[in-house]
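What follows is a single structure, written as structure tokens, with notes after it.
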Amino acid sequence: MTIRVLVADDHAIVRSGLGMLIDAQEGMQVVGFAADGKEACEKAMELRPDVVLMDLSMPPGENGLTATARLKENAPQIQVLVLTMHDDEEYLFRVLQAGAAGYILKSAPDLDLIHAIRTVHSGMAYLYPSATKSLIEEFLHMVKNGEEQAKYEILTDREKEVLVLIAKGFSNKEIAEQLVVSVKTVESHKAHIMEKLHLRTRPDLVRYAIKKGWLDFE
């Protein structure tokens, strides 16, 4: 049985190279290419591949994370293998949350990529070794400190709004203007958020928001 693959990447040279690599494998065939997430979804619905090899970042078009979530909602039988340069656990959790069956780095050897395609096609998950380590560590952390959701739920609705805006990079003044409150009120909300979530810095807030899936991937 031939594994039919759709390759989505914003670089033509990368698409071509991946196409030649995959087509050279026994039992594999590239059935189409896409330059961004929107085109990937459209081609996937039209061609019905077994696996979509999805680049995570495809500016200026729709990113692979958004496309993965949309594709899995409309065609859950299609397996998505995310290909990315980001060896970062924050991206890993968002990829899995979006419904991808696998995650592999662009720096991985060719044979690892082919193995990953075969793995997700068989219905199993594939995580690059460093990603597996991060996932296990995070799982153990959550088991040991199963308080994150409870901490979030103690925030007021306004504090949640402020948290997301801070994480998106807005200044206290800009947040105050958006919410029609004083800068002092925003600062007070921020202090309460930090205290309730046991966070200390703005980068901590950003990381927290990313893990919760509140920020669009750039």
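Which of the listed residues, 192, 162, 205, is farthest toward the dipole's positive end in the stretch 148-212, when Lys, Arg count +1 and Asp, Glu count -1 at the beta-carbon? After comparing all options, I get 205.
Each residue of the stretch 48-54 was assigned a 3J(HN,Hα) from its phi angle through the Karplus expression (A = 6.51, B = -1.76, C = 1.60, θ = phi - 60°), giving 6, x, 7, 9, 10, 8, 10 Hz with x at Gly and Pro. Run the Debye formula on the Cα coordinates of the stretch 3-130, all scatterers equal and no solvent, and tell me log10 I(q)/I(0) at q = 0.12, 0.22 1/Å. Evaluating at q = 0.12, 0.22 Å⁻¹ gives log10 I(q)/I(0) of -0.35, -1.40. Legend: residue pairs 43/106; 160/211; 38/212; 106/168; 43/211, Cα-Cα distance threshold 19 Å; pairs beyond threshold, 43/106; 38/212; 106/168; 43/211.
Only alpha carbons enter this Debye calculation for the stretch 148-212, each as an equal point scatterer, and the log10 of I(q)/I(0) it gives at q = 0.14 Å⁻¹ is -0.34. Label separation (residue 12 vs residue 179): 4.8 nm, computed from points 7 Å beyond Cα along the C-beta direction. The radius of gyration of the Cα set in the stretch 40-107, together with its Dmax, comes out at 11.1, 33 angstrom. About its Cα centre, the stretch 148-212 has a charge dipole of approximately 220 debye under the convention of +1 per Lys or Arg Cβ and -1 per Asp or Glu Cβ, with nothing else charged. Each part reduced to its alpha carbon centroid, the stretch 57-102 and the stretch 171-214 end up 27 Å apart.
Here, each number is a calculation from the coordinates, and none is a lab measurement. Worth saying up front: this structure is predicted, and the values here are computed from it rather than measured. A quick note on method: Cβ atoms are made from the backbone with ideal geometry, for glycine too, and the neighbour counts reach across all protein chains shown.
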